[in-house]
Structure formats: structure tokens, C-alpha cells
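To start, the structure under review is shown below, and the notes come after it.
A short reminder: the numbers here are calculations on the coordinates, not readings from a lab. A quick note: this is a predicted structure, and the numbers were derived from the prediction, not measured. When we count neighbours, we look across all protein chains shown, and the Cβ atoms used for this are built from the backbone with ideal geometry, even at glycine.
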Amino acid sequence: MFGQNRWIGIAAGCIVLAGATPLPAQQATDRRLVNVAGQGQISVPPDEVVVALGVETFNADLTGAKADNDARIRKLLELAPQFNVAETSVRVDPVRVQPSYQDRDGRKDLTGYFVRRSVELTLTDLERFEALMSAAIESGANYIQGVNFRSTRAAQLQEEAKMMAVEDAKRRANTLTALLGVKVARVYSLGEAQFGSYCSYNAGWGYVSWSGGEAPNRKVIEPTAGAKTPQIGRVELTATVNVAFELE
């Protein structure tokens, strides 16, 4: 079982509440408020990857272009059982046809047809990710349209990140007010600013970004002894809340 890293970011200063409903001038002057933004982030290893593969073929004859494309798609679909990809984790897009023309002496002559189709596979055995990519190319895929590493626990961990953000907001408010010699009385308003998840893997040519680095308060929990962990980046789940606290 993979471990997970958790950390709460720290921002200096008092942050004005973003996206909150403005207070009437008189009402605002009746209350002493401190506005803070709390942040929470959980970093976990992915446990599945969605690979989108594209097949593009060209032929002067539409029938030939489609036959070539169909043959390559069949080979890609044959990879699913070989890599233990469930039928429900396979998606095939409708075929797309694009005529190709060439300008000659002011007229457009038809030169052939492009036929394009995409296949999406969700792999849960991440140790075989590279093998799947190699097999896909050998089977006729000529485009890698997307690689998305995900965690099946994302929904649960996202809620946990929100709770971390709320606790972070409380801590920041108490720290700021203590420096000023005042105390927090109660919550005046609370709003969810943003939340989401992303993976640090980037399939762009010549570039792979890795998450993390040395960050304050970042706790790194290593996988258990003997666990096989592919070095393919991590999934980051983040949450930010804006809170206005009323002072005593």
C-alpha cells in the first residue's frame, strides 16, 4: 500500500476574503474582522492511469484508409485483456474522416483521406505502464493524446484536504490576532475558494515535471517495505477556504 504525503501551505499576512459578498459600509464598520485563507494539500501516489491513444491513417482511397485504421484499432483493443484492463475501462471514439486537397492551378484536387480514431484505456497495474505504451506504439498508435494518473481515493482525500484548509485558516487567524494582542471570537463568514486535483506527470516532448521538492511542513511517508512503487509522480489534491473571523 502506498504512503501519502500531507502538508498545509503557509501564507504570510492577512488575506482579504476573495469572492465574498461585500458588506454595507455601516455594517462593515460595526464589526472588527480578520480575513484569512486556509490551504490544504494531500499528495498521494496514483493507483490508476488513463491513457488516450490516437490512430491516424491516410490513403488515396477512403476504403483503404479506413481498413488500415480498423486493423490498428483492433490491435490496440487486443491489448486490453493482455494488460488486465476491464471491458468497462475501455472506450473507443467514433471514426473521423477528413478529405485532403492540394491546390493546383487555382483548383483543389482531392489527394486522399485521413481517418482518425481514439482509444482510451484505464490501467490499474502501474508497473506495466511503460510496457503498455510500447505495445500501443507497436500496435499502430501514432499519437499519445493524453496520460492522466489518478487516485481512486480522490473524493475522500479531497474532503480531507478541505478539513485541513479549515484548520489552517483557524491557525492563521489565531497567529495574526495573537501578534496584535486581540482574540478571535467567532466565525463571521466561510467560503470555499477553490479545490481540485492534478498530477505532476506531463507527457509533453522532452519534459516531465515532478511534484514536491523541499517545502516547509511537508511530511514524506515512504511506502511500506517491499512495496513496488513506480517512480511516475504523484497526485496532488488541494483545497482553499476563505474565512472571516470576528474579533472580541
Problem - Residue under evaluation Asn148, criteria (1) of a type in the set (S, T, N, Q); (2) touching a strand residue (DSSP E or B) at 6+ places or on another chain (Cβ under 6 Å); (3) crowded, with 18+ Cβ neighbours inside 10 Å, criterion not met - result: (3)
Handout entry: Counted residues, segment 126-141 - those being within 17 Å of Arg74 (Cβ to Cβ) and crowded, with 19+ Cβ neighbours inside 10 Å
Key = 4
